[in-house]
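Some notes on the structure that comes next.
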Number of protein chains: 2
Amino acid sequence: MGTAVGGGKAVPRYVQIADEIVQQIRAGVLGAGDMVPSESELVDRYGVSGGTIRKAMVEVRASGLVETRHGKGSIVKARPPVRLRSSDRFRRTHRQEGRAAYLAESAQSGAEAKVSVLFIGPMEAPEDIAGRLGVEVGTQVLARRRLYFRNGTPVETASSYLPWDVVKDIPELFAENPGGGGIYARLEEHGHVFAEFVETLQARPASKAETSELALSPGAPVVHLVRDAVTEAGRVVEVCDTLMAADQFVFEYRIPARD
Amino acid sequence: MGTAVGGGKAVPRYVQIADEIVQQIRAGVLGAGDMVPSESELVDRYGVSGGTIRKAMVEVRASGLVETRHGKGSIVKARPPVRLRSSDRFRRTHRQEGRAAYLAESAQSGAEAKVSVLFIGPMEAPEDIAGRLGVEVGTQVLARRRLYFRNGTPVETASSYLPWDVVKDIPELFAENPGGGGIYARLEEHGHVFAEFVETLQARPASKAETSELALSPGAPVVHLVRDAVTEAGRVVEVCDTLMAADQFVFEYRIPARD
DNA sequence: GAGTGGTCTAGACCACTGA
DNA sequence: CAGTGGTCTAGACCACTCT
């Protein structure tokens with residue numbers, strides 16, 4: 001046979017099918033944790049070939065509502081992802097309450113948060129990081145690499161880099177748990193008082209490697225966020241390089257009106 | 001025949017081919033404006049079937065380095081896109097110099113910018129906008145919908161919504177060109193002095209409709225940005241709803257350290 | 001018209017999951 | 001083991017672009 005006959009519009013069949021499945025999820029016909037019918041079952045149900053169903057499922061995955069595992073099937077994701085990541089999570093009052101930024105926000109939205117430390121130790125500064133820290137490429141810096149989970153699924157990797165002369169007298173920064181208020185609290189206790197944080201964001205499709213690290217569907221977008229922590233002395237004492245699953249976050253920034 | 005024979009690894013052939021093409025572009029073998037070989041030529045060159053090449057090209061498109069048009073082919077994109085969109089483009093000094101935010105930034109990065117006005121006129125406030133403006137759903141507001149171009153290609157759609165009682169005495173806001181400094185300058189001249197701007201961002205794959213409006217490849221990510229302009233009186237006098245091609249922008253925000 | 005990408009098919013084989 | 005998704009093929013027809 002041929003192509004989408006019948007109506008004779010422009011919407012390809014696989015898009016129609018994808019939309020139909022997405023609607024069923026949004027409408028609750030398929031609820032959180034339910035399995036999406038298997039591809040072969042969908043082939044029967046819609047009377048199209050496997051390739052077409054396959055393309056439809058690629059679209060469905062791109063919607064972020066579903067997670068597919070190989071010999072298993074596709075399962076409707078647990079929930080309306082989206083965690084607000086607001087710009088005032090760096091307030092000192094939050095730190096003094098003893099909570100690190102990510103916990104403060106997770107608590108707000110009632111989700112279970114977890115951090116797994118992947119690496120803490122010395123490292124030669126990569127080029128872009130060295131530039132931001134104002135040190136030579138290859139200089140030794142402290143790297144702290146972690147993976148953040150939310151409700152059991154990885155949503156974010158973060159790598160902090162700090163100049164060695166800053167960290168060498170702050171033993172807590174070498175510990176998995178740097179203590180109440182996080183590393184920023186420790187830094188301010190040691191005289192590195194922050195003036196501002198500069199964040200740059202860019203969204204792009206996940207690479208193959210990132211796809212597996214964050215358990216994403218191929219092609220799902222990620223947000224690459226890099227933050228410079230600048231002290232009142234004008235020095236960048238930390239660069240935090242973060243990669244986040246885009247469907248898990250909404251970013252909020254408040255910009256004061258200025259002259 | 002079967003699958004990726006030979007080595008016997010896990011990397012699918014279409015990914016290998018996609019990577020190879022992407023490398024050629026990054027290395028400059030294929031330069032800006034060059035046509036990527038046609039799919040049938042790639043079929044010959046790599047000795048695989050059309051479907052495999054097709055999947056490879058989907059990957060290549062996802063990299064954002066290439067733009068594909070139907071009966072034409074794939075062309076290597078003109079540019080290392082990326083335009084910095086920094087949070088201090090709302091400074092009054094910029095407005096007083098008579099330049100609107102987008103022009104100030106475009107000038108910086110030496111790109112040709114253009115705006116096309118799609119619609120200016122009264123409109124019933126949609127639900128989310130009404131909520132932000134603090135008016136009833138369906139109340140009449142002024143809508144200003146524009147499409148921004150950069151070097152000839154559309155990169156951003158923006159829709160501003162303003163309460164009717166605010167705009168009714170400011171005729172410039174109904175004009176395509178609201179005058180030097182843009183609508184924010186006009187609003188401040190009429191007593192609406194801004195205290196802050198609140199921006200929320202979310203990245204997601206483009207929908208089918210957005211794909212065509214911004215001339216994107218299917219599945220390419222977009223950034224949805226909504227900005228509330230808040231006056232010193234605590235009122236939101238403008239909501240700007242923006243959709244941007246993610247590969248065209250880097251966002252920068254400066255966050256002052258606070259208690 | 002010839003050439004391009006876009007959709008679809010019908011069937012093959014592989015790799016992973018779970019009972 | 002049966003069932004699932006993942007990759008690949010070879011060929012068909014369609015829609016768009018350019019000449």
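The values are calculated or read from the model by the stated rules, or taken from the named source; none is laboratory data. This is a predicted model, so every value here is computed, not measured. Cβ placement follows ideal geometry from the backbone for every residue including glycine, while neighbour counts extend to all protein chains displayed. Quick note on the areas: whole protein, heavy atoms, side chains included, nothing else; ligands and nucleic acids left out. Shrake-Rupley method; radii C 1.70, N 1.55, O 1.52, S 1.80 Å.
Per-residue ellipticity at 222 nm, computed for chain B from helices alone with -39500 (n - 2.57) per DSSP H run of at least four residues, works out to -7500 deg cm²/dmol. In terms of distances greater than 21 angstrom between alpha carbons, the cross-link table entries B:Lys55/B:Lys77; A:Lys72/A:Lys114; A:Lys55/A:Lys77 yield A:Lys72/A:Lys114. Per-residue Karplus couplings for the stretch A:147-157, computed as 6.51 cos²θ - 1.76 cosθ + 1.60 with θ equal to phi - 60°, are listed in order as 10, 9, 10, 9, 6, x, 10, x, 10, 7, 10 Hz, Gly and Pro entered as x. A dipole drawn for the stretch A:13-76 from +1 and -1 charges on Cβ atoms has a positive end, and of A:His70, A:Val43, A:Ile17 the residue lying farthest that way is A:His70. Note on A:His70/B:Glu189: beta-carbon distance plugged into 1/(1 + (r/R0)^6) with R0 of 41 Å gives a FRET efficiency of 0.10. Given R₀ = 56 Å, FRET efficiency for B:Arg91-A:Ala32 by Cβ-Cβ distance, to 0.05? E between B:Arg91 and A:Ala32, to the nearest 0.05, is 0.80.
For the protein assembly as shown, taking the reciprocal of the average inverse distance between every pair of different Cα atoms yields a Kirkwood hydrodynamic radius of 25.5 Å. Note: relative contact order over chain A, using C-alpha pairs below 8 Å and six or more positions apart, is 17 percent. Here the stretch A:215-254 is scanned for amide nitrogen atoms under 18 Å from the site 7 Å beyond the Cα of A:Asp165 along Cα-to-Cβ, giving A:229-239. Once backbone amide H atoms are built at 1.01 Å from N, B:Leu142 has B:Leu162, B:Trp164 as its partners under 5 Å, excluding neighbours fewer than 5 places away on the same chain.
Approximating the spin labels as points 7 Å out from Cα along Cα→Cβ, the B:Glu20-to-B:Thr153 distance works out to 2.5 nm. Between identical copies, the spacing of B:Gly138 label points, each set 7 Å from Cα toward the C-beta atom, reads 7.1 nm from nearest to farthest. The rule of thumb for compact globular proteins, 2.2 N^0.38 Å, goes into the C-alpha radius of gyration of the stretch B:13-76 0.99 times. Here A:Glu188 yields copy-to-copy label distances, from shortest upward, of 3.0 nm, the label point defined as 7 Å from Cα along Cα to C-beta. The equivalent ellipsoid that matches the C-alpha gyration tensor of chain B spans semi-axes of 44, 18, 17 angstrom, in descending order. For B:Ala10, the distances from its label point to the matching points in the remaining copies are 4.1 nm, ordered from shortest, with each point set 7 Å beyond Cα toward Cβ. For the stretch B:220-259, the pair-distance distribution built from all alpha carbon pairs, in bins 5 Å wide starting at 0, is 6, 17, 16, 18, 22, 13, 7, 2 percent. Extension gain, A:Ser49-A:Leu118: 0.36 nm per intervening residue step, less the Cα-Cα distance, totals 20.5 nm. For the stretch B:118-219, the list of trypsin sites (Lys or Arg not before Pro) that fall in a loop by DSSP and count at most 16 other C-beta atoms within 10 angstrom reads B:Lys168. Computed on protein heavy atoms with a 1.4 Å probe, the accessible areas place B:Ser116, B:Ser159, B:Ser49 in the order B:Ser49, B:Ser116, B:Ser159, largest first.
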